[in-house]
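Structure, as structure tokens:
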Amino acid sequence: MAVTITENASKELQRFKENSDYSADSVLRIGIVSGGCSGFQYDFKFVEPNEINEENDTISEQHGVKVVVDKKSSLFLDGTTVDYYEGLDKRGFTFDNPNAVKSCGCGSSFSA
């Protein structure tokens, strides 16, 4: 499995989805796009089921959240864990990517 979603992240994703205009069938797409200060940025969004390409995408369900990762992104994200952190100093999703050689200070971009 390319990407693992922690239980804590799943709870926050489900809460966000319920409080947004996404359909109950929407799935979480995790991928990468070129950009950011380190070369690649994480692409993290809900999409509708008709946007899934079964030949190109890997689909899994983790803690009640359906997750889709395209083949190209999975090469860069293999072994990545997505967690949700909430503390006094910061709050948000974190990506622990073992393939990242260098990351930016904000944690939203990396180079491999």
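Laboratory data are not the source of any read-out in this text; all were calculated from the coordinates shown. Just so we're clear, the structure is a prediction, and the values are computed from it rather than from any experiment. In this analysis, Cβ positions are derived from the backbone assuming ideal geometry, glycine residues included, and neighbour counts consider all displayed protein chains.
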Say each of K45 and T4 gets a label point 7 Å from the Cα, pointing the same way as Cα to Cβ; how far apart are those two points in nm?
2.8 nm
Would you look at the GNM of the chain, springs on alpha carbons closer than 10 Å, and say which of N53, N97, N19 moves the most?
N19
Counting helices only, and only those DSSP H runs with n ≥ 4, report the 222 nm mean residue ellipticity of the chain as the sum of -39,500 (n - 2.57) divided by its residues, in deg cm²/dmol to the nearest 500.
-5000 deg cm²/dmol
Label K90 and S23 with points 7 Å out from Cα along Cα→Cβ: what is the distance between them in nm?
3.5 nm
For the chain, what number of Lys pairs, 8 or more residues apart or on separate chains, have alpha-carbon atoms under 15 Å from each other?
4
To make sure I understand, if each residue's beta carbon is the centre and we count other beta carbons within 10 Å, what order do E48, E12 fall in, fewest to most?
E48, E12
Measuring from a point 7 Å past the Cα of I59 along Cα-to-C-beta, which residues in the range 13-42 have an amide N at less than 18 Å?
23-31
